[in-house]
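The values are calculated or read from the model by the stated rules, or taken from the named source; none is laboratory data. In this text, all values refer to a predicted model and were calculated from it rather than measured experimentally. No Cβ is skipped: glycine too gets one built from the backbone with ideal geometry, and neighbour counts run over all protein chains shown.
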Amino acid sequence: MEKHIILLPGDGIGREIIDSAKQVLTAIASEYNHRFTFEEHAIGGNAIDDYNTPLPDKTVDACSKADAILMGAVGGPKWDANPSHLRPEKGLLGIRKQLELFANLRPVKTISSLLYASPLKEEIVNQADMLIIRELTGGIYFGTPSERTPNGVVDTLRYTREEIERIVERGFEAARIRRKHLTSVDKANVLESSKLWREIVEDKSKEYPDVSVTHLLVDAAAMKLVTQPSFFDVIVTENLFGDILSDEASVLTGSLGMLPSASLRSDGLGLYEPVHGSAPDIAGKGIANPLAMILSAALMLEHSFGLVDEAKEIERAVNDCLLQGFHTADIHIPGGVQVGTKQMTEAVLENVTTKS
Ligand code: NAI
Ligand code: MG
């Protein structure tokens, strides 16, 4: 298989960890006889420095012609005081919107060698293995008007039927190839948008008789995430609820440096990035954990290229590394050996090429 991948290193540790993902992909390509080509572009703070915009047209052009996009992270204190159109996050919001990456996927799975790191009791977090699907390009973050009024303020929550249908469908499709349980999260006891959301889920469920559906109100869902995370298989929800719940879920396993994410368009084009940010506090020290970035590359193989075996191979290699005791400074494995970004990457590469 031949695929062209755009690399957007971004800022801070983004640049340090993107090379790790590239190396692992190159190893996978030679192992499975694929050809992956890479092309690097600017986004975020570095793009502001070089091109006076967080999202150069050249970057958008290249991304829209690519088979997939891998991003590090954007942002840092250097640009914190900039006016809003010259903020690094504008680059990220812009690319999601311009490429219509409407579905944000975040798998959250307990890793047995890191169980102790969870803020929850071991017996609660033990079997957690969920996929959160958040609508990313609609809802209250993008509704107009959004402005101060003479006596207050207004934000607007708007969804078209089609926007809800396509994300709900994603949820059913994902549940179908997992444990066949879809939890749809809304606030249907209060919000009109949630009532329509719930109707659409009910309608769609007729096309997926093999998938069981639970409707949860967002407040109940927030509680259940910490009291019974193993209840969830696939969660589908709108933009604002998904933002909050996916951050809540991301701390369940206690290892932010381990979590990948995908943002997808209907035709499979996707942008893959770690959940964490640019970690300016450790940037340039060579100690960043590259595993979330490497696992994001695995998500890319699975969701954009349909290379399920190759994706599993990367996940297995990462797990084996941890079982062998390799860890970066952000995670700790009792009796293990603490390494930097380069050595951690080498440990993964070693496990990719020596299959157990
Ligand atoms: P952060 O995720 O960058 O860092 C939070 C803490 O986790 C820091 O102590 C950091 O050192 C640590 N950490 C994060 N990733 C790590 C890794 N791979 N290995 C080891 N330690 C890691 O979040 P923070 O500090 O709130 O934001 C820093 C910058 O990143 C800000 O400018 C923010 O806007 C940006 N950001 C960007 C995101 C993106 O590009 N998608 C997402 C979140 C934040
Ligand atoms: Mg968030």
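Odds and ends about this structure:
- So L105, is it farther than 23 Å from K3 by Cα, hydrophobic (A, V, I, L, M, F, W, C), under 21 Å from the mean Cα position of the chain (by Cα) and surrounded by 19 or more Cβ atoms within 10 Å (Cβ to Cβ): no
- From the options E238, E302, E202, E248, residue that is among the charged types (D, E, K, R) and in contact with a Gly (Cβ under 8 Å, 6 or more places away or on another chain): E238
- Residue that is surrounded by the most Cβ atoms within 10 Å (Cβ to Cβ), among those in the stretch 181-223 that are touching a strand residue (DSSP E or B) at 6+ places or on another chain (Cβ under 7 Å) and part of a helix (DSSP H, G or I): W197
- Condition broken by G277, with the remaining ones in (1) within 16 Å of ligand 2 (Cβ to nearest atom); (2) within 17 Å of G10 (Cβ to Cβ); (3) out of contact with any His (no Cβ under 8 Å at 6 or more places or on another chain); (4) assigned to a helix (DSSP H, G or I) satisfied: (4)
- Within the stretch 70-79, not a single residue is modelled with pLDDT of 95 or more, touching a Ser or Thr at 6+ places or on another chain (Cβ under 8 Å) and aromatic (F, W, Y).
- Hey, A29 assigned by TED's automatic domain parsing to the domain that holds Y272, within 20 Å of K312 (Cβ to Cβ), in contact with a Ser or Thr (Cβ under 6 Å, 6 or more places away or on another chain) and modelled with pLDDT of 95 or more or not: no
- Test: G335 is more than 22 Å from V74 (Cβ to Cβ) and at pLDDT below 95: yes
- Near pairs, Cβ below 6 angstrom, 6+ apart or cross-chain, from the stretch 241-262 (outside any loop (DSSP other than H, G, I, E, B)) to any residue that is within 12 Å of ligand 2 (Cβ to nearest atom) and of a type in the set (K, R): G242/R134; S246/R106; S246/R134; S261/R106
- Residues in the stretch 232-270 that are farther than 28 Å from S64 by Cα and touching a Pro at 6+ places or on another chain (Cβ under 7 Å) were compared, and the one that is farthest from ligand 1 (Cβ to nearest atom) is L252.
- Of all residues in the stretch 263-274 being more than 15 Å from ligand 2 (Cβ to nearest atom) and not in a loop (DSSP other than H, G, I, E, B), the one that is nearest to the chain's Cα centre (by Cα): Y272
- Filter result for E147 (in contact with a strand residue (DSSP E or B) (Cβ under 9 Å, 6 or more places away or on another chain), more than 30 Å from V318 (Cβ to Cβ) and among the acidic types (D, E)): yes
- The number of residues in the stretch 271-289 being buried (at least 24 other Cβ atoms within 10 Å of the Cβ) and either among the β-branched types (V, I, T) or within 12 Å of L70 (Cβ to Cβ) (or both) comes to 4.
- Restricting attention to the stretch 234-262, the residues being of a type in the set (D, E) and over 14 Å from the mean Cα position of the chain (by Cα) number 1.
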